[in-house]
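Every number here is computed from the coordinates shown, using simple stated rules; none is lab data. Fair warning: this is a prediction, and the values are worked out from it, not measured in the lab. Cβ placement follows ideal geometry from the backbone for every residue including glycine, while neighbour counts extend to all protein chains displayed.
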Amino acid sequence: MSQTEPSPSASADRTSFLSLLEVHGRLDWLFLRHQEAVLLLDVDLSRSTLDDFERELVDHIRFEEVGLFPIYERALPIAGGGLDLYLKEHEKLLRYVRGIRQSFESLSPRESGGPARVIELLDFEAKFKNLLKHHDLRERNILYPTLDRVASPEEKSRLLLSATEGQ
């Protein structure tokens, strides 16, 4: 596999919610490992990395929705960053992962037509990665800076500690 697992950045500001976005790098890495395994036709590794990716994505989404969104609501309305947008994107991301899993589970890459099905899967995954990229940018540019501005020092400290304990 081509890329090493990202480690937490020593330079990340642990007093900012933006430091929580390191999980996005880990998610990107896991998904890349999944795609590399698909290309290598390593079904077991592909499945296990997709499992890890899905579990970490669900945990991250749950943390945002339960811990962060109530704070974010206090700053609304925000142009281009309504809470419903983030919730709908979370739902869409999880639907995509279910679709990837369904496509992957029915994939028999060594059978007749298998290579074309692998390409179809990777094309579908490219759409997912595009959504993930735009979601990351929205969180990086709107959600997390707003949380830094709105959260009390106590809320920020508690949530940042909670997030790092969960890793």
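Distance between the 7 Å Cα→Cβ label points at residue 117 and residue 48: 2.3 nm.
Taking a quarter of the surface of the Cα convex hull of the chain gives a mean projected area of 10.0 nm². For residue 88, list the lysines whose Cα falls under 22 Å from its own Cα; do not include residues on the same chain fewer than 8 positions away. The qualifying lysines are 127, 129, 133. Simple spin-label estimate for residue 133 and residue 66 gives 3.2 nm between the two label positions (7 Å along the Cα-to-Cβ direction from each Cα).
Considering helices alone, the calculated mean residue ellipticity of the chain at 222 nm is -22000 deg cm²/dmol, with DSSP H runs of length four and up weighted by -39500 (n - 2.57) and normalised per residue.
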